[in-house]
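Taking it in order: structure first as structure tokens, then the write-up.
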Amino acid sequence: MKKAFYKALHSHSKDLAAHADNVASQFDAETIHKLRTTCKKLRALLRWQKIDRKTHTAFKKTYHLAGEIRIIHVAKEMLTKDKASATLRSFNAW
């Protein structure tokens, strides 16, 4: 059981580090989403093993901050799509 925990912890930690590096270079919605989901998996793993609160609180904060960025990205995409379709409707009405 311990071996599986450490293996999962190592795997998710490597993924989190990779996603954090990617966020620095390509600040897109998909990269932020991957960072958030990996962070959430690590938090769940740490809670499952009842690791002290201070440790998974940092992951919680990162998860929530990345969530705010993700909301902005999604809203931007929606506005861009709405703007494009509104432009087409206006052109057709003209």
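The values are calculated or read from the model by the stated rules, or taken from the named source; none is laboratory data. It should be emphasised that the depicted structure is a prediction, and the values quoted were computed from it without experimental measurement. Using ideal geometry, Cβ is built from the backbone for each residue, glycine included, and neighbour counts are taken over all protein chains shown.
General remarks:
- Within segment 19-30, being surrounded by fewer than 18 Cβ atoms within 10 Å (Cβ to Cβ) and either at pLDDT 85 or above or touching a Lys or Arg at 6+ places or on another chain (Cβ under 8 Å) (or both) holds for Asn22, Ala29.
- Thr55 being modelled with pLDDT under 75 and closer than 21 Å to His19 by Cβ: yes
- Test: residue in segment 31-47 that is surrounded by fewer than 12 Cβ atoms within 10 Å (Cβ to Cβ), assigned to a helix (DSSP H, G or I), out of contact with any Ser or Thr (no Cβ under 8 Å at 6 or more places or on another chain) and not basic (Lys, Arg): no
- Candidate set: segment 1-18, residues that are modelled with pLDDT of 80 or more and exposed (fewer than 10 other Cβ atoms within 10 Å of the Cβ); chosen: the one farthest from Arg43 (Cα to Cα): Lys3
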